Every structure is written in C-alpha cells, then in structure tokens.
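Notes for the one structure printed next.
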Amino acid sequence: MNVRMNRRRFLTAAATLPTVAWPLASRLTFAQSAAVGDARFVFVLLRGALDGLAAVPPWGDPAYASLRRELAIPRPGEAGGALPLDATFGLHPSLPFLHEAWQAKELLVAHAVATPYRERSHFDGQDVLEGGGVRPHELATGWLNRALAALPRKGASHGREAGITLGQNTPLTMRGPAAVASWAPSRLATLDDDTLARITDLYAADPVLSMRLADALAANDIAQGDAMPERARGAARYTETVRAAGAFLARDDGPAVAMFDTTGWDTHANEGGARGLLATRLGALDAALRELKSSLAARWSRTVVVLATEFGRTVARNGTNGTDHGTGAAAFLVGGAVAGGRMLADWPGLDARSLRDGRDLAPTLDLRAVLKGVLHDHLGVATSALDGSVFPGSAHVQASSGLIRA
C-alpha cells in the first residue's frame, strides 16, 4: 500500500513552522507508537557501489598506499589526511560529521562487508541487497517491508503505516505486504541518475569512452557551476529529503522506519582522492546526515541510520583514475541508539594473496548479519522472522550482537 501527500505544503510547514506540520501530515496515519515505541530506523541505499576503501581508508594496511597510488587518502595528520578512527582505519576527510559521531560513540563502521552476491552488475547487486535474498530477481518484495510486516504490533490497527519511503518511486526494499506511506520531493532531479549509471557501466570497459564521458560530465558541471557549485547542488538534492524524513520521524506518532536512496557513487573515472568528485559527493552526504540529526532533535537518541551499498570497488585504481566494480564494501551505522566508536571488521588485508580474484577486497562479514542485529535489537523483530520471512534461508547467518546501546 502506498499513500501520498502534498509534499510542497508539508515541507514548507515542517521546515518553517513545525507545529503546523501536524494537520498537513495527519492524513497519514502511522502504527509506530503501537509497534516499537519511540525507536526509529532509517535505511539509506547508496546506489552505484560506494568506494569503501576511500570512504573508510585502511591507511594502516601496508599495501593500501601503493595499490591506490594517486587515489590513496593520506595518513591522519598529513595534508588531506584521513580522520582517525584507530590504528588501521580512518574516515575520508570530507566526512567530519561522521567523525564527530565516532567521537561521540554514535558511529559504527562495518568493513569488508557484502551481500551474498558475488558478480559485478549494479542492477543485480542492488536487487539482491534490496530483496534480501541470495540471487538476483529471486524475490518480488523487499527485506525492510517484510521486517515491517513482522514488527511486534501490540494491538496496532491493521493497515496503518509503520514506514515511509522518500523519493519519486518506492524502491524494492520497501515493497511488499506491509502498508507504507510515500513522500516525494517537490523537484525532480536535473539528471536521470539511473540512466547515467547504465551508460557509465557500458563505457567502463573502454578507457577512451569512459574518459570522454567523465570529461563531458565535468564540462556540464562547469557550465552549471556559475549558478550553484557542485557541492551546493549535491547538498540541495539531499536537504529537502532529510528534512522531510526528520519531520515525519520526530513526531510522537510518526513512522518507525524511513528509507531513501542516493545515486552517483559509480566512480569509474576521475574519482579523486582527498579532493575531487567522490570527495564532493561524500561531503554532500555528510552534510545531509548532519541535517537529519538536527531535524530529528531529541528523537536522534533513539535512532539508527544504516547506510549500505550493493558492493565495493577494486583495490587498485584503473586507467582512468577511477575504480571498477569490486566485492567487499563498507557500511555505516550512525545514530544516538548505536553502540558506536568502534569498527566491525575481520580485516582480510590487501596483500596480493588476500584479494578476491586478485583485485577485490575479500568480504568477511555478511551484511545480513548487521541488518539482523539492528532489526532484532532495535525494532524487536523476532529471530524466527529474520531467518525466515525477512531474509529467507538465512538461518546460518547469525545476527551481529551489541550494535545497539543497552
């Protein structure tokens, strides 16, 4: 089920006069308060395969700098260096909010993580991630919707929405038997990112075409840049969505769960290191997460935000100063309810013998284990449902424990 509301009127009210947002949003009725109390969960899908070795550089691994070359993020303390996490890992310097969250013990980073998918198609990889199964196109519904259907209801009325999706379309993640509301920003994106991702994929194997496409996109950014710099445009794309998410989730009777996706993480060419294309996009994402925390206000203390991508990227840079589709990735858990300030990683190393297929970060952690841990300990979804309906056939994948503050 999908319920829409007047998005422009709601956002204006929510952003300027929060007390007025109630009558505008009250046409949506949520089952949250009867389901999981004041717990809130936000899932952010990073479409395009975020480079986890850039977002969370393993600067302490002896092979990192030599394999990454110009794309390597310098060590903490050096110019443009990583924001320190521990003796092996840091955060990209464009992620200051996430670093503040780490220092406040509100960020947990999972590294060398993956779904069961082991090929390198964006669209099949996203299908496995969103469906929660093992093979592409195996499931017609999404794991998060099925988790909503399995929430402890405690007498909640049938048909009331416990979740909301924010975006022009309802992603597979949120499709299924549970009723969900939906909200879309008042402006369509200026670029069709899905089509652009497909074109980038087609060009990726040809160094000349890949570089030509990257140059064309850069020229387009320059042409538009006089009106709004790329960082500002990226931030603007997120701001309306995260403010709306915060306005919905901050309500006492608001939804328990929200989901939105972001695009533009397919960095085949001109990725950049501490500065450049990826740095700009990470900066916009970081600013959006800061805005989400601000919008949630006191509700932040009971919130978990999970950010995940379909797979990682190659360890070594390619011939167009970018990275190609890989396997092991990074995922983030941030929020006041997260037992953070630590890494969740069985690090395989980046030496030649440790790489998958001689090119990828080898995955050592199943993303479903992380998601199970959050859904069980934060939202109260039963283990039997997690192993059966939410992530079918996953009984052998044990939920990660200790992810949520006691």
Mind listing whichever residues of region 268-278 are more than 21 Å from Phe311 (Cβ to Cβ) and either crowded, with 22+ Cβ neighbours inside 10 Å or without any contact (Cβ under 8 Å) to a residue 60 or more places away in the chain (or both)? Gly276
Could you figure out which of (1) on the phi < 0 side of the Ramachandran plot; (2) over 20 Å from the mean Cα position of the chain (by Cα) isn't true of Gly77? (1)
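Would you point out which residue out of Arg353, Arg281, Arg302 is without any contact (Cβ under 8 Å) to a residue 12 or more places away in the chain and at negative phi?
Just one listed residue meets the conditions, Arg353.
Residue check: is Asp346 charged (D, E, K, R), in a loop (DSSP other than H, G, I, E, B), at negative phi and touching a residue at least 24 places away in the same chain (Cβ under 8 Å)? Show your work before the answer.
Details: charged (D, E, K, R): yes; in a loop (DSSP other than H, G, I, E, B): yes; at negative phi: yes; touching a residue at least 24 places away in the same chain (Cβ under 8 Å): yes.
Spelling it out, Asp346 is indeed charged (D, E, K, R), in a loop (DSSP other than H, G, I, E, B), at negative phi and touching a residue at least 24 places away in the same chain (Cβ under 8 Å).
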Go through (1) modelled with pLDDT under 95; (2) acidic (Asp, Glu); (3) touching a helix residue (DSSP H, G or I) at 6+ places or on another chain (Cβ under 7 Å) for Glu138 and report which single condition fails. (1)
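Name the residues in region 354-406 that are hydroxyl-bearing (Ser, Thr, Tyr), part of a loop (DSSP other than H, G, I, E, B) and more than 21 Å from Arg175 (Cα to Cα), would you?
Let us first name the residues in region 354-406 that are hydroxyl-bearing (Ser, Thr, Tyr), namely 354, 364, 383-384, 389, 394, 400-401.
Filter once more, so that each one left must be part of a loop (DSSP other than H, G, I, E, B): 364, 394, 400-401.
Correct list: Thr364, Ser400, Ser401.
In the set Arg69, Arg40, which member is on the phi < 0 side of the Ramachandran plot and either without any contact (Cβ under 8 Å) to a residue 40 or more places away in the chain or among the basic types (Lys, Arg) (or both)? Spell out how you get there, then give the answer.
Details: Arg69 fails: on the phi < 0 side of the Ramachandran plot.
Just one listed residue meets the conditions, Arg40.
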Restricting the search to region 351-364, which residues are surrounded by fewer than 22 Cβ atoms within 10 Å (Cβ to Cβ), of a type in the set (A, V, I, L, M) and under 23 Å from Asp86 (Cα atoms)? Ala362
Restricting region 311-366 to residues that are under 21 Å from the mean Cα position of the chain (by Cα) and of a type in the set (Ser, Thr, Tyr), the residue that is nearest to Trp102 (Cα to Cα): Thr364
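Would you point out which residue out of Gly380, Gly388 is touching a residue at least 60 places away in the same chain (Cβ under 8 Å), within 17 Å of Trp143 (Cβ to Cβ), surrounded by fewer than 19 Cβ atoms within 10 Å (Cβ to Cβ) and not hydroxyl-bearing (Ser, Thr, Tyr)?
Working: Gly388 fails: touching a residue at least 60 places away in the same chain (Cβ under 8 Å).
Selected residue: Gly380, the only one of Gly380, Gly388 that is touching a residue at least 60 places away in the same chain (Cβ under 8 Å), within 17 Å of Trp143 (Cβ to Cβ), surrounded by fewer than 19 Cβ atoms within 10 Å (Cβ to Cβ) and not hydroxyl-bearing (Ser, Thr, Tyr).
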For region 88-95, check the following and say yes or no: at least one residue is among the aromatic types (Phe, Trp, Tyr), touching a Pro at 6+ places or on another chain (Cβ under 9 Å) and outside any loop (DSSP other than H, G, I, E, B). no
Read through the list (1) surrounded by fewer than 17 Cβ atoms within 10 Å (Cβ to Cβ); (2) at pLDDT 95 or above; (3) basic (Lys, Arg); (4) part of a helix (DSSP H, G or I), then give the number of the only condition that Arg75 fails. (4)
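The values are calculated or read from the model by the stated rules, or taken from the named source; none is laboratory data. From a predicted model like this one, the values you see are computed outputs, not experimental measurements. Glycine gets a Cβ as well: all are built from the backbone with ideal geometry, and neighbour counts include every protein chain shown.
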